[in-house]
1. Need the full-extension length gain, residue 26 to residue 137, defined as separation in residues times 0.36 nm minus the C-alpha distance. One decimal, nm.
2. To one decimal place, what Kirkwood hydrodynamic radius in Å is obtained for the range 52-171 from all pairs of distinct Cα atoms?
3. On C-alpha positions alone, give me the angle between the axis of helix 129-143 and the longest principal axis of the chain, in degrees, nearest 10.
4. How far apart, in nanometres, would the label points at residue 364 and residue 275 be if each is projected 7 angstrom from Cα along the Cα-to-Cβ direction?
5. Which residue, 303, 328, 377, has the most motion in a Gaussian network model of the chain that connects Cα atoms within less than 10 Å?
6. To the nearest 0.05, how large is the calculated FRET efficiency for residue 65 and residue 292 if R₀ is 51 Å and r is the Cβ-Cβ distance?
7. Enter the angle in degrees (range 0 to 90, nearest 10) between the Cα long axis of helix 202-215 and the first principal axis of the Cα atoms of the chain, meaning the one along which they spread out most.
8. From the square roots a ≥ b ≥ c of the eigenvalues of the alpha-carbon gyration tensor of the range 280-439, which class results: rounded (a/c under 1.5), prolate (a/b over b/c), or oblate?
Ligand code: GLY
Ligand code: MN
Ligand code: MN
């Protein structure tokens, strides 16, 4: 719990004399009265470690009775019998180290009091409209007490970028979680390479991987698995995963698990029949070289743009060599006229969210510079759709992406997803293995 307390202290130093409210995640209905699995809000988790829904953390540095307060569900024998155990107020105060605890049912009464005498209020302004409306109602109530001598918040400020900037650099525990997630996901990719084959269905491969995610101790997928055979790989967010695999096609799998809410994010592309064709090899080598070029840029002082530019140059030269594009490298780079085949960024921050909710540019609008402890993906790809008549016929229907998770260290970087092979020979070898060895 010490780490959460340290994070709250750091956030206090960024808030000044402002108050802040951070809600837990919300239970979402899937159908009528049945829900999706609950997933805690990342920022709330980052600052409390508390796992329950219907909770709200308050920073109120001007409140004389205590500067942190947690609203949560009270103990309730009947509700707990049906829905699961609750920590309850007393234990929460003892375990979580907050100054004050209140029942969530007291929110309307207590929260306005806690916000008194703060000049501004930080909260998520853009993705939680109900909370903004509620906060405005509280502030309207406070502002109406004109003759009282309390200061009421007059400014609302968006909070996530502040917490996002704290989340950019990962501490040792966070790195351990992501490493563990990457290791489990790597094992699942190895199993998928061994298992996939002619006439198997995409969903069988997905099910095997997600079985391994859970069996190995993660909480499950960090995001919806993409298991895309052949031309399906050219749909970037293909999640139907319900077609039959063909031995002469490639299989692109973008799947990763989360450990203690920390994500891994891996893509591998391999031949369903176990051996790459000459054409598949040619495209694969270009993507692999682009990935390595971007990796060589991944060090303190550089930025995600260095990675992207390095990968893009290799990919676009590759598209010229493959005769998918005509013209010159410099003209395509200048006009960005390669986006039909290389349409997305080379990477994103990785952490509590798979696309970690941290800033990409600083206040001067320049790129965030890599520092030790930052973690991101490198995921170049080439997408050559079957329907595109500008693509040489023998290459049509090939879609390849290779994605690793990378930690910046004091002397360069560490690839956290090294368990999943990506060199051609190693991939082909993994395809020959028995998937049962991974169970
Ligand atoms: N799996 C999501 C991504 O690669 O960004
Ligand atoms: Mn990614
Ligand atoms: Mn991915």
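1. Values: separation 111, 0.36 × 111 = 39.96 nm, distance 2.04 nm.
Result: 37.9 nm gained on full extension.
2. Working: mean 1/r = 0.0629 Å⁻¹.
Evaluated over the range 52-171, this radius sits at 15.9 Å.
3. That helix lies at roughly 20 degrees to the long axis.
4. 5.6
5. Of the options given, 328 has the highest mean-square fluctuation.
6. Details: r = 57 Å, r/R0 = 1.12.
Once rounded, the FRET efficiency stands at 0.35.
7. Between helix and principal axis, roughly 50 degrees.
8. Details: a/c = 2.11, a/b = 1.14, b/c = 1.85.
In terms of gyration-tensor shape, oblate.
Readers should treat all values here as calculations from the given coordinates under stated rules, not as data from a laboratory. Here the structure is a predicted model, which means the values were calculated and not measured. Using ideal geometry, Cβ is built from the backbone for each residue, glycine included, and neighbour counts are taken over all protein chains shown.
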